[in-house]
Structure formats: structure tokens, C-alpha cells
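Derivation of every value follows stated rules applied to the coordinates shown; laboratory data play no part. These numbers were taken from a predicted model, which means no experiment stands behind them. Glycine gets a Cβ as well: all are built from the backbone with ideal geometry, and neighbour counts include every protein chain shown.
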Amino acid sequence: MAKIDAFFKLMHEQGASDLHLVSGQPPALRIRGDMERIKYKVLDNDELKAMLYEIAPEAKIKQFEETGDIDFGYEIPGVARYRSNFFMQKNGCGAVFRQIPEEIMTAEQLGLPNVISKLASLPRGLVLVTGPTGSGKSTTLAAIVDVANRTRKDHIITVEDPIEFVHQSKGCIINHREVGIHTKSFSAALRGALREDPDIILVGEMRDLETISLAIEAASTGHLVFGTLHTMSAPKTIDRIIEVFPATEQAQIRSTLSDGIRAVISQVLFKRIDKKSLCVALEILIATPAARNLIREGKTHQIPSVIQTGKKYGMVLLDDAIMELYEKGWISADDAYLKANDKGKFRNYIKNPPADFTEA
């Protein structure tokens, strides 16, 4: 057993989502969104480096020594997988570990709307799950892939950095590929995937022009593609994709994207105030003809009105979803205000409205 595994055991017992180990500071856990110190000595750089190197692959250690940053997956069988990041900082090395549960929660267990489960049965197209880091995008995607795995007889390829949720092949054949170990990059894996007879492709992160371009191409050539972006709403997601491309190509991409897009799910995670748990607010855009037309014509600012009038298709605005959680008594008014897109909607619910300079 590696020395660091004791911290992972504590992390598991405390229900923490992240473990922070940094030279010059005591260890810390993130529990339900808050950082909490572990009663342990200040970590020494040499001691921490030895602890971290004990679990890292040799190739990753070499990369870390050269670049000062690495990502990889680490697993303790029967406990959990961990998304690991090593980095260099002022006082020496540091590391952050995100816990990925071994058991994949179903869409029903997560309380996801039925429309999200239905996305797993789409024959083709692009489905994007977006939100800030730590908002549960990977958990939502894992639940959708799990539905496909249980109900379809297809070939699923996931490309991640690192591999997070591990699916056991059920109705589908599933192949997990990790960037840096099984493939050079997301774009290289996507190019290869098109020759590997896939039905469904999951792209862990659509980071650059080439990856986004290949994902759109795959969705337009008969594959169902799931991907993630760090955007806060459906309109901003569409704009982010378009803006990645050179100005001379944007009109063509708008047309291609409008044909290929099937849904955009934007999510924000909240700490519940009624019990020790978390909950998620979802903005859901389904690509109806009206939504496609707005994308094609560059009128993404009108997408919220399509979402408001598309409730029968399962669409919902993020602020409406946040309001529902607030009215249930699950989240605080302050948290709702902080994470809402339209803060004016929640301003009257908080005791001391701040002078928000961003609204000046």
C-alpha cells in the first residue's frame, strides 16, 4: 500500500470530493464545497515528492520534471479512482486529487430529468455538457453513457485526460482511451476514432480548434458525440464554439453546427442547506428547428426565449432551475444570487444586496 493511500482512505471516510497536498502547508480536503484542513504536519517538499512519485507512472514523472504539470488517473480497487494533477509552486511541489466514485450513479439516482436520459438514444449529433470546474459534468455524462450502455448494442469510445468513470461493457462495447498514455492528444484520438467503427464518442474536453472541428465533423457524419466545455449557459456555449474558428470560417461553422447540435446542458452545483448533500441546477437547450435557425443566423442572444417557450420539450433556463431549488428550500438565497446568470432575479431575496460593480 502506498503511503498516500492513507489520505485517500480519510478522504473516502469524510465524503470529500478533493484532496490537496501542497509543500509548505498541511493537507486539506474539500468537503461539500468547503476547504477543511487535516490535522497533520506541514508537508515537506522532499517528503511530499517521494509520496507522489510512489504512485505516478515513470513517463508521467519524467513529464512532470520537464514541464512542472501532469494529469493522470490513479485507482485504489474497491475504493475509488482519482483524477490526479501534480504541479510546481513557490514552496515546491503540490498535488490535487479529485475522487471519481467506482460506482456510476444512474440518471434516476442523480435526479436528472427524463429528457437527459433520452439523449442516450439519439442516433447521431453533438450533445454538450457545460459548466465550471467541479460542477459535475463528468458525473452527468457518465450517467448518460450508462443509459446507452444498458439500452443499446453499439461501440462507445471515450477519450479523456485522464480516464474518470470506468464503464463495464454491457449491451455496448466500451473502449476507454487516456490522452498521454493511449493517444497523443484529443484530436489524434478523434481522428483515429473515425476509423474504429464507433457509434458513440465521448470527448472529455473540447479544448482547441482542431478537437472542436473534429467533434463537429464526427457529429455531422453519423456519430453521436458527447463533449464538455467550461461555459455557463447555452448561448455562451454556442458562441464559444463559433469564436474558436477564424472569422472567415465562422459562417460555415454556424451552418454545420446548427445541423449537428442536438442539445446543450449547462449545470451549476450547489451545497444544500436542508441536509449534508449537493444538488445541481440545469439549463437545458434542445435543438428544435427554431433553435437551429438562431444558431445559423448568428442570433444566439435570442436562445433564452426559445428555451422559455420550449418547456414541453424539457427545456429550462438555468435561473428558473435555480429558483426552483431555492423555493424548495434546498439552497440559500445568497448562493442562488451568486451563481445566477440574471442576478437581478434573486437580488430581492438576499438580506444585504451587494453593490455589484459588474452591473454598473
Relative contact order, percent, of region 141-225 when contacts are C-alpha pairs under 8 Å separated by at least 6 residues?
29 percent
How far, in nm, would the chain grow between LEU338 and PHE87 when pulled straight, counting 0.36 nm per residue and subtracting the alpha carbon separation?
87.4 nm
What's the extension gain from ARG191 to GLU75 if we count 0.36 nm per residue and subtract their Cα-Cα distance?
38.9 nm
Provide the FRET efficiency to the nearest 0.05 for the ASP208-SER255 pair, computing r from the beta carbons and using R0 = 25 Å.
0.70
The alpha-carbon center of region 227-274 and that of region 87-133 are separated, in whole Å, by 16 Å
With +1 on each Lys and Arg Cβ and -1 on each Asp and Glu Cβ, and nothing else charged, work out how big the dipole of the chain is about its Cα centre, in Debye to the nearest 20.
840 debye
Show that you can apply the helix-only estimate: for the chain, add -39,500 (n - 2.57) for every DSSP H stretch of four or more residues, divide by all residues, and state [θ] at 222 nm to the nearest 500.
-10000 deg cm²/dmol
7 Å from Cα along Cα→Cβ at both SER121 and GLU217: what's the point-to-point distance in nm?
3.2 nm
Suppose a student asked you for the relative contact order of region 107-348, using Cα pairs under 8 Å spaced at least 6 residues apart; what percent would you report?
19 percent
Among LYS271, LYS299, LYS41, which comes first, then next, by fewest other beta-carbon atoms within 10 Å?
LYS41, LYS299, LYS271
How much length is gained if the chain between GLN168 and ASN293 is pulled fully straight, taking 0.36 nm per residue apart and subtracting their Cα-Cα distance, in nm to one decimal?
41.1 nm
Give the separation of the Cα centroids, region 148-213 to region 1-70, in Å.
28 Å
Sorted by chain and then number, the residues having a modelled amide H within less than 5 Å of the amide H of LEU202, at least 5 places away or on another chain, are ILE157, THR158, VAL159, PHE226
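Can you tell me which of 178-186, 133-141 comes out highest on packing, and rank the rest after it, using the mean Cβ neighbours within 10 Å?
Per-residue mean Cβ counts within 10 Å order the peptides as 133-141, 178-186.
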Using volume of the Cα convex hull per residue in Å³ as the read-out, say which of [x] 119; [y] 168; [z] 149 was calculated from these coordinates.
[y]
Scan region 258-341 for GluC sites (Glu not before Pro) in coil per DSSP, keeping those whose Cβ has at most 12 other Cβ atoms within 10 Å, and list them by number.
GLU297
Once Lys and Arg get +1 and Asp and Glu get -1 on their Cβ, which of TYR53, ASN85, ILE38 lies farthest toward the positive end of the dipole of region 36-96?
ILE38
Integer Hz, Karplus 6.51/-1.76/1.60 couplings in order for region 303-309, x for Gly and Pro
4, x, 5, 5, 5, 4, 8
